[in-house]
1. Collect the residues in the range 64-98 that are of a type in the set (D, E, K, R) and outside any helix (DSSP H, G or I), keeping them in residue-number order.
2. Check the range 28-40 and report whether any residue there is surrounded by fewer than 17 Cβ atoms within 10 Å (Cβ to Cβ), at pLDDT below 90 and hydroxyl-bearing (S, T, Y).
3. Scan the range 44-62 residue by residue and report those that are touching a helix residue (DSSP H, G or I) at 6+ places or on another chain (Cβ under 6 Å), aliphatic (A, V, I, L, M) and touching a residue at least 24 places away in the same chain (Cβ under 8 Å).
4. Kindly provide the set of residues from the range 54-75 that are within 23 Å of K27 (Cα to Cα) and surrounded by fewer than 13 Cβ atoms within 10 Å (Cβ to Cβ), ordered by number.
Amino acid sequence: MQKLRMVLAFCALVGASFNTFARDLNKNERDLCTWGAGVAAAAQQYKLSGLTLYGARNKMQGRHFPQQWMRMSALGITEQTYDSPSRLRPEGVRQVYYEGCTRHELARR
C-alpha cells in the first residue's frame, strides 16, 4: 500500500511538472518530444513482452518515418531502452522520456 501511495504521489508530481515544461516549448519541440516518448514506450513494450533487441530493431525498421533522421533516432532510443534495467510500464517510460526531453530542450535555450 505504501508503494502505491508513493507511485501515485510521483505521478501527480510528474503530471504537475509536465504542464510547466510543455508551456515553454514551441509546437515543434513538443512534437519531437512526444514522438520520441512514443518510440521509447513502444520499445519498452517490446522489451517487457520478451522480444529481443534484434526483433525490436526489425520492428522499428519496418515502421514508416516521415523524416529520414527519425529511423536512426528510433533505433538509438530502442537500444537505450533495452540497455536500461527499468521494468516500468510503457506509459511510465513515455512520461519519463517526455519530461527528460522537455528539460533537455529547455536547457538548450
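The values are calculated or read from the model by the stated rules, or taken from the named source; none is laboratory data. Worth saying up front: this structure is predicted, and the values here are computed from it rather than measured. Heads up, the Cβs are rebuilt from the backbone with ideal geometry, glycines too, and the neighbour counts pull from every protein chain shown.
1. To start, the set of residues in the range 64-98 that are of a type in the set (D, E, K, R) comprises 71, 79, 83, 87, 89, 91, 94.
R87, R89, listed by residue number.
2. So far as the range 28-40 goes, no, none of its residues is surrounded by fewer than 17 Cβ atoms within 10 Å (Cβ to Cβ), at pLDDT below 90 and hydroxyl-bearing (S, T, Y).
3. The answer is L53, A56.
4. As a first pass, look at the range 54-75 and keep what is within 23 Å of K27 (Cα to Cα): 64-74.
The answer is H64, P66, Q67, Q68, W69, M72.
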